[in-house]
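Remarks on the structure that follows.
Bear in mind that the values in this text are calculations on the coordinates, not laboratory data. Bear in mind that the values here come from a model prediction, so they are computed numbers and not experimental data. Reconstructed Cβ throughout: ideal geometry from the backbone, glycine too, with neighbour counts over all protein chains shown.
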Amino acid sequence: MCRLVKRETKLVEEQWRYLFTLALVLCHFQTGSNHIVMAIIDRWVALRHKGVKVEMVWVRAHAGIEGNSRVDWFAKKATQLGEPLEVKIPYSDVIGTYKQKAIANWQKIYL
């Protein structure tokens, strides 16, 4: 009986963590306007329903995590090879670049 309660408690804890993490992701990324985040979440949820345990963690760049520099290298190579990939870019990703360019142009002209 004690083992069963322990197992059920563990399952409830895992489900709670899953729901809490999903809620944080949804709130943080304002997913309504970010189709990339929504696609990732959809895949994550689909895998969960199939019984696959998926953990999402933030990997800080240049933190000495094994394999991170190799992944960075592949990502950089991917930008230099092949034909351009046409994808929708979230507004939130683009607006920062335009703001920086506008400020830099303004400073060149007026400073």
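Some observations on this one:
- The lysines within cross-link reach of residue 10, meaning a Cα-to-Cα straight distance under 18 Å and a gap of 8 or more places when in the same chain, are 53.
- Loop chymotrypsin sites (Phe, Trp or Tyr not before Pro), the range 54-111, which have at most 15 other Cβ atoms in a 10 Å radius of their Cβ (DSSP): 58
- Listed residue pairs exceeding 27 Å between alpha carbons, taken from 50/76; 6/50; 50/77; 77/101; 76/99: 50/76; 50/77
- Above 16 Å, the calculated P(r) of the range 47-111 contains 74 percent of its Cα-Cα pairs.
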